[in-house]
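The values are calculated or read from the model by the stated rules, or taken from the named source; none is laboratory data. Just so it is clear, the model here is predicted, and its values are computed rather than measured. Don't worry about glycine lacking a Cβ; one is built from the backbone with ideal geometry, like all the others, and counts go over all protein chains shown.
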Amino acid sequence: MATDGQAVQDMLNRIGRLEAWADIPNGQQYTSPQVITAIERRIVHIEHVAEQIVNGALVPELRALSDRVNAIGTGIDQTIRPELDSNTTRSTTTETALQDLTTKLNAFPALIQQEIVNNITGLNGKVAAIEQAINAGTSLTSSGDRGKKIITEYKIIGAQKQLSNDKKEYRQWQEKMKNAMEQVSPDVREVMERIETTVWGKAEEREWLEKEDNVRIIAKVTETRWKEMKRDLYGVLMDKTEGEANMLVKNERRDGLMSYMKINKWYTEQSGKGLTDRKRAVMRPEKVKKESEIFK
C-alpha cells in the first residue's frame, strides 16, 4: 500500500503537470480557484480551435501549409535532387578515371623497363654489326646493318689497268679482270665466260634482252643476284675502260653484263679469239627458237 508520503508526492506531481499545461509559472503562488480558472481557459481554447477546424475556418491555413510543404518537396526534386544525381555521376566518373589513371601509372614502370631492355638489345645488335663490319673491312648502311662493300673499293679491282682502244691488249686485260672479279665474286667470272661463248650476232641490245635469261638460267643465277652483277660490273667497266671501249660500256640500263657482251664482241671480232668463236658457232650452232633466226 502507498504510504501517506507517497500519496502526497503523487498529488504534487499531478499539480505540477497541470501547472505546465495551464501555463502557470512554477513557484507562483496560486490558489485552487486560480488553477481551476486556468484549466477552464485552456479547455475553452481547445474547444475554440476544434470548432474552427470543424467549421473550416482553418482550412485555408492548413491548405497553405500543405502547399508550402508540396512546394518545398517540388523544389527539392527539381533543384537539389538533380544536383545530387549529377554530383553522384561525376563522382562515379571521377572514380573510374582515377582507377584508369592508377592502372596506367602502375603499368608505367614496367613499360619503361621493357623499352629500356629493347633499346639496349637494339644497341647491342648495332654495336655487334659495327664490330663485324670493322673486322671484315666492309661499310655500313644508314640503318647500321652490315652493308656490301662497293666493288670498286676492293684493292684488287682498283689495281686493274684501264682498257684502251688497242685490241692487242684486250686478252691480257680480260684475263686479269676476270681473275680480279673472281676474287671478289666468284660467280661473276662464270657468267662472263658464258657471255664470251654465246653467239651474239651484232651484239645489239635487242639480242642481249632476248638471250640474257638463257645465260642466267644456264649459269644458275637468281634474278636478284643477276641484277647485282649487272650493277657491279657496270661500275667496274665504267672505271676501267676509256675511249671507244668506254662508249661501248655506257647504256641507260646501267647493265654491266650487256656492256661486257658488247666490248667482248668488239675486241674479239678481228682477233684470233674472235675467229675461234665464229668457228665454234658454225660447228656448234645454237638451237633456234624462231624461224626468223635460221638465216641470222
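The table that follows gives values for the structure above.
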{"quantity": "Check on W208, more than 16 Å from Y267 (Cβ to Cβ) and assigned to a helix (DSSP H, G or I)", "calculated": "yes"}
{"quantity": "Those residues of region 238-262 which are in contact (Cβ under 8 Å) with a residue 60 or more places away in the chain and part of a helix (DSSP H, G or I), in sequence order", "calculated": "D239, G243, E244, A245, L257, Y260, M261"}
{"quantity": "Tally of residues being among the acidic types (D, E) and modelled with pLDDT of 90 or more across region 154-169", "calculated": "1"}
{"quantity": "Residues located in region 178-212, provided they are aliphatic (A, V, I, L, M) and over 46 Å from the mean Cα position of the chain (by Cα)", "calculated": "A180, M192, I195, V199, A203"}
{"quantity": "Any pair with Cβ under 9 angstrom, 6 or more apart, that starts in region 63-75 at a residue that is modelled with pLDDT under 75 and ends at one that is surrounded by 10 or more Cβ atoms within 10 Å (Cβ to Cβ) and polar (S, T, N, Q)", "calculated": "none"}
{"quantity": "Criterion (crowded, with 18+ Cβ neighbours inside 10 Å, farther than 15 Å from M181 by Cβ and either at pLDDT below 95 or out of contact with any Lys or Arg (no Cβ under 9 Å at 6 or more places or on another chain) (or both)) met by exactly one of K279, K273, K265", "calculated": "K265"}
{"quantity": "Condition met for R189 (among the basic types (K, R) and buried (at least 17 other Cβ atoms within 10 Å of the Cβ))", "calculated": "yes"}
{"quantity": "Which numbered condition V199 fails, given (1) more than 19 Å from D255 (Cα to Cα); (2) not in a helix (DSSP H, G or I)", "calculated": "(1)"}
{"quantity": "Residue match in region 213-229 (condition: within 46 Å of the chain's Cα centre (by Cα) and crowded, with 21+ Cβ neighbours inside 10 Å)", "calculated": "yes"}
{"quantity": "Residue in region 160-176 that is of a type in the set (F, W, Y), within 21 Å of E252 (Cα to Cα) and part of a helix (DSSP H, G or I) present", "calculated": "no"}
{"quantity": "Single residue of region 157-186 satisfying the filter (touching a strand residue (DSSP E or B) at 6+ places or on another chain (Cβ under 9 Å) and among the polar types (S, T, N, Q)) that is surrounded by the fewest Cβ atoms within 10 Å (Cβ to Cβ)", "calculated": "Q162"}
